[in-house]
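Asks: My questions will all concern the structure given below.
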Amino acid sequence: MTTNKKQYKRVLTIAGSDSGGGAGIQADIKTISACGCYASSAITAVTVQNTLGVEGVHPIPLDILRGQIEAVLSDIGTDAVKIGMLHSSAVVEVVADVLRKFGVGNIVLDPVMVSTSGHRLIEDSAIDTIRRELLPLARVITPNIPEAEILAGTKIDSNAQLPEVARALAEATGCSVLMKAGHLEEEELVDYLYNAEEEHIVPLRSQRITTPNTHGTGCTLSSALASHLALGLSLDEAATAAKSYIEGAIRSGADYVIGHGHGPVDHFWKLKA
């Protein structure tokens, strides 16, 4: 007698820990779970952090980081990977080496460089290492405006620039680009996916929601994107679903009060619908 065994769709997040629970590994696990996937994790650094900002960063030893990723991939495996905070060149090299070793696909790279409060979260040398080691492995990257300015080497002042910046980044990196517009002071927020696999632009529109609770939005969007790729959606479909998820999470969490600074989004808003 044979039994059909159920299989989770699995997402591995490789990122820093946020003691405040709104961003990083904590936000990733909440998002992946809310999107219907099984979350595993590898922590790159422990941050001293709350809604007011980042006060300190303690790197995880490289052998422990490598061990976390190998332990997950050798046993559980994964259908997608979300990569967040990688603060040094050595960390980038370890992550890239293990992902190459296991031949992992569906890699979503959120190039975390600066926190919402303006705290620098990455060494300058690590940016070049990301370009060299990780971008060739990624299926899609999800930069916000400051990160895109660093990667593209150009100033971004308006939403109208985003399609061309996304296209230029895709051509330079060889992967698709989801440009996030949240830092722009415009009423309508239009993120843009440049799908390098099909060579077209997908606008992702939403209205700006006035709220201080925007901590972890980048982590949440990239984790939602990885989750929907793991579920088997196309890149266009996954980006659209991820945008819908983060918009709902911001809207649902807009009026809550947690801490004295930038609060989190409501990751489990769908359970209340």
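Asks: With a point put 7 Å past each Cα toward its Cβ, work out how far ARG251 is from ASP75 in nm, to one decimal.
Replies: In this crude label model, ARG251 to ASP75 measures out at 4.1 nm.
Asks: Oh, and also: Pick from ALA172, ALA126, ALA34: which is most flexible by mean-square fluctuation in a GNM of the chain where alpha carbon atoms under 10 Å apart are linked?
Replies: ALA172
Asks: Along the charge dipole of segment 1-160, pointing to its positive end and built from +1/-1 on Cβ of Lys, Arg, Asp and Glu, which listed residue (PRO61, THR51, GLY22) has its Cα farthest out?
Replies: In segment 1-160, that residue is GLY22.
Asks: Using a 10 Å cut-off on Cβ atoms, rank the peptides 194-204, 42-52 from the highest mean neighbour count down. Before the final figure, lay out each step's value.
Replies: Working: 194-204: 16.4, 42-52: 20.5.
So the order, starting with the most tightly packed, is 42-52, 194-204.
Asks: Counting only other residues whose beta carbon sits under 13 Å from that of THR154, what net charge do I get with K and R as +1, D and E as -1?
Replies: Working: positive: LYS155, ARG167; negative: GLU147, GLU149, ASP157, GLU164.
So the surrounding residues net to -2.
Asks: Another question, then. Under a point spin-label approximation (7 Å from Cα along Cα-to-Cβ), what is the GLU198-GLN7 distance to one decimal in nm?
Replies: 2.5 nm
Asks: What is the percent carbon and sulfur in the accessible area of the chain, measuring with a 1.4 Å probe over the protein chains and ignoring ligands?
Replies: Numbers: 6280 of 12130 Å².
Carbon plus sulfur share of accessible area: 52 percent.
Asks: Between THR211 and ALA160, what is 0.36 nm times their sequence separation minus the Cα-Cα distance? Round to one decimal in nm. Don't skip to the end; give the middle numbers.
Replies: Numbers: separation 51, 0.36 × 51 = 18.36 nm, distance 2.42 nm.
In short, 15.9 nm is gained.
Asks: Further question on the same structure: Amide H of GLN49: which non-local residues (sequence gap of 5 or more, or other chain) have their own amide H closer than 5 Å, using H built in the peptide plane?
Replies: Correct list: SER19, GLY20, GLU55.
Asks: DSSP beta bridges in the chain, what fraction antiparallel, as a percent rounded to 5? Please list the in-between numbers first.
Replies: Numbers: 18 of 38 bridges.
Percent antiparallel among DSSP bridges in the chain is about 45.
Asks: Using amide H atoms built 1.01 Å from N in the peptide plane, name the residues 5+ places from LYS82, or on other chains, whose amide H lies under 5 Å from its own.
Replies: Residues meeting the criterion, in which the H sits 1.01 Å from N, are LEU12, THR13, ILE14, VAL108.
Asks: With a 10 Å radius around each residue's Cβ, average the other Cβ atoms per peptide and rank 257-270, 138-151, highest first. Spell out each step's value before the answer.
Replies: Numbers: 257-270: 18.9, 138-151: 22.2.
The most tightly packed comes first, giving 138-151, 257-270.
Asks: Among 156-168, 18-30, how do they line up by average Cβ neighbours within 10 Å per residue, starting with the highest?
Replies: Numbers: 156-168: 17.2, 18-30: 24.8.
Result, highest mean first: 18-30, 156-168.
Asks: State, as an integer percentage, the relative contact order of segment 140-273 based on alpha-carbon contacts under 8 Å between residues 6 or more apart.
Replies: Working: 207 pairs, mean separation 25.6, N = 134.
With pairs under 8 Å counted, the relative contact order is 19 percent.
Asks: When the helix-only estimate is applied to the chain (DSSP H runs of n ≥ 4, each -39,500 (n - 2.57), divided by the residue count), what is the mean residue ellipticity at 222 nm, nearest 500 deg cm²/dmol? List each step's numbers first, then the result.
Replies: Values: 8 runs with 98 residues, N = 273.
It comes out at -11000 deg cm²/dmol, rounded to the nearest 500.
Asks: Looking at segment 149-273 only, what percent of DSSP beta bridges run antiparallel? Nearest 5 please. Write down the numbers at each step before the final one.
Replies: Working: 11 of 12 bridges.
Antiparallel bridges make up about 90 percent of those DSSP assigns within segment 149-273.
Asks: In addition: If you plug each phi of segment 195-200 into the Karplus form 6.51 cos²θ - 1.76 cosθ + 1.60 with θ = phi - 60°, what whole-Hz ³J(HN,Hα) values come out, in order, with x for Gly and Pro?
Replies: Going residue by residue, I get 7, 6, 6, 10, 6, 8 Hz, with x marking Gly and Pro.
Asks: I would also like to ask the following. Please identify the DSSP H helices in the chain that span no less than 18 Å along the helix axis (Cα) and have a mean Kyte-Doolittle hydropathy of -1.0 or more. Please list the in-between numbers first.
Replies: Values: long enough: 62-75 (20 Å, 0.48); 89-102 (20 Å, 1.07); 217-230 (20 Å, 0.85); 235-253 (27 Å, -0.08).
The qualifying helices are 62-75, 89-102, 217-230, 235-253.
The values are calculated or read from the model by the stated rules, or taken from the named source; none is laboratory data. Just so you know, these numbers come straight off a predicted model, no measurement behind them. Virtual Cβ from ideal backbone geometry, glycine too; neighbours counted across all protein chains shown. All accessible areas refer to the heavy atoms of the entire protein, side chains included, with ligands and DNA or RNA removed. Shrake-Rupley method; radii C 1.70, N 1.55, O 1.52, S 1.80 Å.
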